[in-house]
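Participant: The following block contains the structure, expressed as structure tokens.
The values are calculated or read from the model by the stated rules, or taken from the named source; none is laboratory data. Predicted, not measured: the structure shown is a model, and the values here were computed from it. So basically every Cβ, Gly included, is an ideal-geometry build from the backbone, and we count neighbours across all protein chains shown. Heads up: the accessible areas ignore ligands, DNA and RNA and are worked out on the full protein's heavy atoms, side chains in. Shrake-Rupley method; radii C 1.70, N 1.55, O 1.52, S 1.80 Å.
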Amino acid sequence: MTIEPMPNGTSRCQIAIAQLDRLRTALASAWLLVIETDAQGFITYICPNSHHYLGYTPEECVGRHVLDFIHADDRAALQQQIAEWVQLGLRSVPIENHVVHRNGHVFDFLWAITLHYDEDNNLIGFTSIGHDISPIEQLRDELYHSREMLHLVIDSLPLGVFWKDTASRFLGCNRRALADAGFANVAEMVGKTDFDMPWRDKAALYQQSDRLVMATGPRLHIEETFTRGDGSVIWLRTGKLPLKRNGDVIGVLGFYEDITEVRQQEGWLRTFRLLVESAPDGIGIADPELRLIYANPSFAAMLGYETLAGKMWLDLVHPADRAQLDRIVHAAAFGGGAQTTIRYLHRNGSPITVQLSIPVLRNRDGQLAGYASINRDITEQLRAEEERQRLALQEQVIQAQQAILCELSTPLLPIADGVVVMPLIGAVDTARAQQILEALLDGVSRHRAKVAIIDITGVKVVDTQVASALIRAAQTAALLGAQVVLTGISPEIAQTLVQIGVTMQGLVTRATLQEGVAYALRSQPVSQPANGRVATGKRVA
């Protein structure tokens, strides 16, 4: 074969060799790793950069198998990939793997591998040009870890977080939003819209909100109901922001918190406040210095004020009771609560007596936060009680007077052993007739009387009612073993008794008390009193 010279006397072969040298010099300066191997993978050429990446000179590398410099974790995969490339007849492929330096340092490499075949398509060798992508891999790792950290932070938030594209298709979410949607992983949620979710009945409203945010800007503090994947309905406070890239809106970012418990507490608080505001008892709250920071309308009205907020509690108390309130408040601070009766001063100066309960208020740390006061006005109750006691006392006086009058109206006097006298004066009605009967029977029984004298000298009128009462008294006394002697019957009364047809059966009658006494004394042995005289009794009107 004859090599024709170029016009300047240089042969084509020399030019080719010069070009190859320049290419190798360029590759070396580019910090690329160029390796040529035969079909079995033994190195036939390696550029001078081998010393930097492998720790060996080119001369030390030639003749060694390329797998000697590949990380052990990548060798099996590389062999399998080469077999697949050859089977498919591929001529150029990219691949990433790790090469190991002599000192153990590992480089990340991106290879462009060219496969060489002969005319019969038999593999005859490889040319591999590798680029150190370790800095890129480091950036990838850092980016991956940053993204992992970001996801960890987002997943750890007590909020639900989600993001959508401009068509309101879900692109991702955190763990809380995933659980609320009822999905096991994010892949199940990506690409879906609100119409595919458990809250589909509000999908149109949510998407309208998305479009409004992307068009006009953030919307915050949106309170709305939300149907979770398990069918339960909760209250959310939602916020949405437009997602932007290079100034262009590419979607919407949403976040929400579950405020169901807060809403319930607010409802309970409204109910409690309504109860307190409507309570008939005066209810107040004071700070630890006893300055009122709240008082319900009943408390203010009780003391004649429009409001009590800002006033010192002690200033509202009767001066004589302030020391008592101070003592019981301090006792409550250590004991947890107290009750007492105390007096306030109305705005007009009149005293208001209340039953006072003092619950102690503490914060979450157990520190004293103030005092509540529940005041039940018992002023009118006390007045009514005083009135009742006054009336009861009057009733007792009346009853005592009636008892005395009863005794005076039906006097029963023992004048000798077995003899009693009941002198009667004035009119005898039904009530007095009953008293006469009761007093007579009591005296007969108590004094074991055998003779009971009823003197009616002082009775001006005796009718059928009086006569019947006297006859009943005589009959009842007879059952107790006593005889009734009726004395003092005037001619007028005698005539009346005859006219009305009353018979004095069972009664002994005598004209005068003296005759009756004489009759009684003759009927049984007489026991003289200590003064030696027989008592005759005294008529009492």
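Participant: Ignoring ligands, DNA and RNA, what percent of the 1.4 Å accessible area of the chain is carbon and sulfur?
Facilitator: Reported share for carbon and sulfur atoms: 55 percent.
Participant: What residues have an amide H closer than 5 Å to that of residue 229, excluding those fewer than 5 places away on the same chain, when H is modeled at 1.01 Å from N in the peptide plane?
Facilitator: Those lying under 5 Å, H to H, from residue 229 are 181, 182.
Participant: Heavy atoms of the protein only, probe of 1.4 Å, neighbouring chains included. What is the accessible area of residue 188 in Å², nearest 10?
Facilitator: Rounded to the nearest 10, that gives 70 Å².
Participant: Per DSSP H run of at least 4 residues, take -39500 (n - 2.57); add these up for the chain, divide by its residues and hand me the 222 nm value, nearest 500 deg cm²/dmol.
Facilitator: One gets -13000 deg cm²/dmol as the mean residue ellipticity at 222 nm.
Participant: If you don't mind, another one. Dipole of the chain (Lys/Arg Cβ +1, Asp/Glu Cβ -1, origin at the Cα centre): which of 425, 114, 381 lies farthest to the positive side?
Facilitator: So the residue furthest toward the plus end is 425.
Participant: A follow-up question, please. Please sort 432-439, 489-496 by packing, taking for each peptide the average over its residues of neighbouring beta carbons within 10 angstrom, highest first.
Facilitator: On the way: 432-439: 17.2, 489-496: 14.2.
Per-residue mean Cβ counts within 10 Å order the peptides as 432-439, 489-496.
Participant: Continuing with the same structure: Roughly how much of residue 170 is accessible, in Å² to the nearest 10, using a 1.4 Å probe?
Facilitator: In the full protein context, residue 170 sits at about 10 Å².
Participant: From the protein chains alone at 1.4 Å, what is the descending order of accessible area for 311, 164, largest first? Display every interim value, and only then the final one.
Facilitator: On the way: 311 70, 164 5 Å².
Result, largest first: 311, 164.
Participant: Further question: What number of lysine-lysine pairs in the chain show an alpha-carbon separation below 23 angstrom, given a sequence spacing of 8 or more or placement on distinct chains?
Facilitator: 10
Participant: Turning to a different aspect of this structure: Under 5 Å between amide H atoms, partner at least 5 residues away or on a different chain: which partners does residue 455 have, H built in plane at 1.01 Å?
Facilitator: 422, 424, 487
Participant: Ranked highest first by average number of other Cβ atoms within 10 Å, how do 228-236, 323-331 line up? Each step should come with its number before you reach the end.
Facilitator: Details: 228-236: 13.4, 323-331: 15.3.
Top to bottom by mean Cβ count within 10 Å: 323-331, 228-236.
Participant: I would also like to ask the following. I need to check one value: relative contact order of the chain, counting alpha carbon pairs closer than 8 Å and at least 6 residues apart, in percent.
Facilitator: For the chain, the relative contact order is 6 percent.
Participant: Would you tell me the accessible area of residue 120, worked out with a 1.4 angstrom probe on the heavy atoms of the protein chains, in Å² to the nearest 10?
Facilitator: In the full protein context, residue 120 sits at about 120 Å².
Participant: Further question: Quick one: grab the alpha carbon gyration tensor of the stretch 154-273, order the square roots of its eigenvalues as a ≥ b ≥ c, and give me rounded if a/c is under 1.5, else prolate or oblate depending on whether a/b is larger than b/c. If you can, show how the numbers build up before the last one.
Facilitator: Working: a/c = 1.92, a/b = 1.45, b/c = 1.33.
The shape class here is prolate.
Participant: Given a 1.4 angstrom probe, what's the average accessible area per residue across the chain, in square angstrom?
Facilitator: The answer is 59 Å² per residue.
Participant: Tabulate in residue order the Karplus-calculated ³J(HN,Hα) for the stretch 470-477, using 6.51 cos²θ - 1.76 cosθ + 1.60 with θ = phi - 60°, rounded to whole Hz; enter x for Gly and Pro.
Facilitator: Using θ = phi - 60°, the values come out as 5, 5, 5, 4, 5, 5, 5, 4 Hz.
Participant: Let me ask something additional. Take the Cα gyration tensor of the chain, multiply each eigenvalue by 5, square-root it, and list the three semi-axes largest first, rounded to whole angstrom. Present the calculation step by step, with values, prior to reporting the outcome.
Facilitator: Working: eigenvalues 3516, 143, 118 Å².
They are 133, 27, 24 Å, listed from largest to smallest.
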